[in-house]
Structure formats: C-alpha cells, structure tokens
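Below is one structure, written out as structure tokens; comments come after it.
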Amino acid sequence: MSYEYERVVTPASGLRLHLNENTGGCSPRVLEALRGMSAADVAFYPDYDRAIAACAAHLGITPDRLLLTNGLDDGILAVSILALRGGAAGMPGEVVITVPAFDMYAACADAVGGTVVDVRQGADFTFPVDAVLAAIGRRTRLVWLTNPNNPTGQVIARETLLRVARAAPHAIVVVDEAYADFSGETLIADPEAARLPNLIVGRTFAKAHGLAGLRAGALVGDPATLAPLRAIVAPYTINAATAIALPVALEDTEHFESYCGQVRESKTLLYAALDRLRIKYWRSAANFVLVSLGDDSARVIRELASREIYVRDRSADPGCSGCIRVTTGLVEHTRAFMDALEEVLCDEA
Ligand SMILES: *Cc1c(COP(=O)(O)O)cnc(C)c1O
C-alpha cells in the first residue's frame, strides 16, 4: 500500500474550500512587512531570534520548548525520522494512527520505513481510546493524535490525550493541534502534559493565521525530546520571508480574532442549512465541516467544481463514504458554497 500524499490541484481562480486555508488571506500587515524586505534580507541566511521569541511568547512557553518548522508538515517528517530511524531490518517500528486521519502521518511513516497501524475511529468518529491503547505495543514508536481531528472536526478530551501519552512512554506521542486556534483547547502550557517528556504538540500558522503559502509550523515539547529533532530539521528550514512575517502575523490579533469569529458564524449558518436540507454532517471544532452526501457526492463535487467551487472529496477515507470536507471560513464564502450546494441538489434528476 502506498501512502503518497495526494496533492489536489485546482485552478488559482475560483473558491478554494478544499484545503482549510484562510480564504480571507493573511493579515495586511504581513504583506506590508514582506514588501519592506531589503535586498540583504533576501540575500542573507535568516536569523530566527525574533520569530522564536514572538512565537514562544504567543504560545506562553520558554523558547527551549519550541522548534519552528517549515510548516507543520516539516515537523511531522522530522518526528517520523526521529521515531522510526534505526529500526532493525525486518523489524520496522510501528506508527499508530486513528483513521480517518491527516494524510501526512502515513506518508511520512512510509517514507522512512515505518509500519502503519490504522485504528478505526468509533461511531460518529468518536476517539477509539480502548482500541488505541490496545494497538500500542512493544514495537510502537510513534502515536499520532489530532485534536481537533482532520477531516472529522471531532475533539479528544484532555484526559484521554494524557492517558494515551502515559500508556506509551517508550514511544513519541504527538498531539497535532493544527486546528486548536478554533477549538480553543491546547496541551501547550498544560502542567500535566509538560511532565510527559514523550509528548510533543504540533502547531501550524497556516490555517487561522493565513500563512499556508509561507509555510510556518512549530513543535512544542520537552527540551530534551526536542534536542534530537533540532539536529534533524535543517538549520535554515524557515525562509527569510517567513521569519519576518511570523511575528507580524502573531501580533495582528484583530485579524486573527475576526477570522475565528467568521469561522464560528459560518459553521452555525452551514449547520442550519444542512439541517433544513436533511443532510448529515458532523459538528466541527475546526474551520471545516465533514458533510455526508451519500451516493450523490461525486456528482455534487463535479457540479460545484463547474461553478468554480472546490471542496475536498473524502469519500475514500475509512468511514467517510460519500463525504466531502468543506472549509467554513469567511461567511461570504460559506454562503456562496451553500447557495451553490442547494442549486446543485435541486438540479438532481
Ligand atoms: C494543515 C495541517 C497540517 C500541516 O500544516 P502546514 O503547516 O501547512 O504544514 C498538519 N496537520 C493537520 C491535521 C493539518 O490539517
């Protein structure tokens, strides 16, 4: 089985609701900062002091608990290398993933020669804590937990996250908090989590902060656990533009709050519309919603695309047959999706 990441290519124009991006764009102040870059800023290897200080302050941690990465994807690969390298021939280390999951966990495990152990999520995508605990064994080197989950938007209780981390002291347990800006729940600065050296938290500034194109992510954890990761991640993995932009993006809390407000309003509107249309969906703690369109999903995706509205087909994911995932960001964009969806559904037959 190949776990290669499927890059979804869409035209640059049109409404991109398929990758959970901030479709309102980054803070205008970020653009200003980028325009202010000098020739030397571009010509010299970047310095990260300001970006590290700003990010640590933003997360409420000391810099020794922080590792900036070139998008969280870069961090996911680095953790996979650390956890899985040196596996004896014929005895590859195991990576426990609850599915449906973000594709990069399996892609990276595959890339570095790990064995993927899939655990199916429970009814309505509840976290299968007993099955995860049962899947953790002697050969487990890495456990991926995503809170809130992508593509389901479901949350995992703090106690459950800590329980899994405690059950696998010989493995690295990562809590991917790519969407924590929307759920408001995080293990960063949680005193109990800080006592677990095998627990790493992953963050990205791609989603709520609108920096997906610049690539900006972070790993947070015990300084001793991060030390070998610092040796794996390339020394200049973050480019100069990102190093300049990140502190500015973090400073613009108004832009951030406004987007998070739009996400909340978008979800409320979409839930009401889907209830009215009697379409099944799962309430989400992130900036997207998984929607079940059943047998009609391929046609709907096609029809939406012909109207230049792009959503993500998740129907091949375990338990997601007939499902699409749609970004619920700017209200204006959510409305455009809802109008088009209703039109497409009325066209039926
Ligand atoms: C988007 C996403 C990431 C990757 O973020 P980047 O910073 O863009 O690499 C990681 N994990 C999950 C669950 C995501 O949805």
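May I ask you to verify whether residue 148 is in contact with a helix residue (DSSP H, G or I) (Cβ under 8 Å, 6 or more places away or on another chain), in a loop (DSSP other than H, G, I, E, B) and at pLDDT 95 or above?
Numbers: in contact with a helix residue (DSSP H, G or I) (Cβ under 8 Å, 6 or more places away or on another chain): yes; in a loop (DSSP other than H, G, I, E, B): yes; at pLDDT 95 or above: yes.
Spelling it out, residue 148 is indeed in contact with a helix residue (DSSP H, G or I) (Cβ under 8 Å, 6 or more places away or on another chain), in a loop (DSSP other than H, G, I, E, B) and at pLDDT 95 or above.
Please state which of the following conditions residue 37 fails to meet, knowing it meets all the rest: (1) among the hydrophobic types (A, V, I, L, M, F, W, C); (2) over 24 Å from the mean Cα position of the chain (by Cα); (3) in a helix (DSSP H, G or I).
Unmet condition: (3).
Only one of 177, 192 is among the acidic types (Asp, Glu) and within 13 Å of the chain's Cα centre (by Cα). Can you tell me which?
One residue alone meets the criteria, 177.
Please specify each residue of segment 115-132 satisfying the condition of being under 21 Å from the mean Cα position of the chain (by Cα) and without any contact (Cβ under 8 Å) to a residue 60 or more places away in the chain.
Passing the criteria: 117, 119, 122, 126, 127, 128, 129, 132.
Name the residues in segment 57-94 that are within 18 Å of the chain's Cα centre (by Cα), more than 12 Å from the ligand (Cβ to nearest atom) and not in a helix (DSSP H, G or I), would you?
Within segment 57-94, 66, 67 meet the criteria.
So how many residues does segment 271-282 have that are basic (Lys, Arg) and either in a helix (DSSP H, G or I) or touching a Phe, Trp or Tyr at 6+ places or on another chain (Cβ under 7 Å) (or both)? So that I can check it myself, show each step before the final result.
So the first thing to find is which residues in segment 271-282 are basic (Lys, Arg), and the list is 276, 278, 280.
Those left that are additionally either in a helix (DSSP H, G or I) or touching a Phe, Trp or Tyr at 6+ places or on another chain (Cβ under 7 Å) (or both): 276.
Counting residues in segment 271-282 that are basic (Lys, Arg) and either in a helix (DSSP H, G or I) or touching a Phe, Trp or Tyr at 6+ places or on another chain (Cβ under 7 Å) (or both) gives 1.
For segment 188-270, which fully contained helices (runs of 4 or more DSSP H) count at least 3 residues that are over 22 Å from residue 147 (Cβ atoms) and among the β-branched types (Val, Ile, Thr)?
Because the criterion is at least 3 residues that are over 22 Å from residue 147 (Cβ atoms) and among the β-branched types (Val, Ile, Thr), the helices (runs of 4 or more DSSP H) in segment 188-270 that meet it are 240-251.
So how many residues does segment 156-173 have that are touching a helix residue (DSSP H, G or I) at 6+ places or on another chain (Cβ under 6 Å) and either within 15 Å of the ligand (Cβ to nearest atom) or assigned to a strand (DSSP E or B) (or both)?
The total comes to 2.
If you scan segment 195-226, which residues turn out to be aliphatic (A, V, I, L, M), within 10 Å of the ligand (Cβ to nearest atom) and out of contact with any Lys or Arg (no Cβ under 7 Å at 6 or more places or on another chain)? Show your work before the answer.
Restricting attention to segment 195-226, the residues satisfying the condition of being aliphatic (A, V, I, L, M) are 196, 199-201, 206, 208, 211-212, 214, 216, 218-220, 224, 226.
Retained after the next criterion (residues that are within 10 Å of the ligand (Cβ to nearest atom)): 206, 211-212, 214, 216, 218.
Listed by number, the residues that qualify are 206, 211, 212, 214, 216.
Taking residue 106 as the residue in question, decide whether it is within 22 Å of residue 166 (Cα to Cα), assigned to a helix (DSSP H, G or I) and of a type outside the set (Phe, Trp, Tyr).
no
The values are calculated or read from the model by the stated rules, or taken from the named source; none is laboratory data. What you see is a predicted model, and the numbers here were worked out from it, not measured in a lab. Note that each Cβ is placed from the backbone with ideal geometry, even for glycine, and that neighbours are counted across all protein chains shown.
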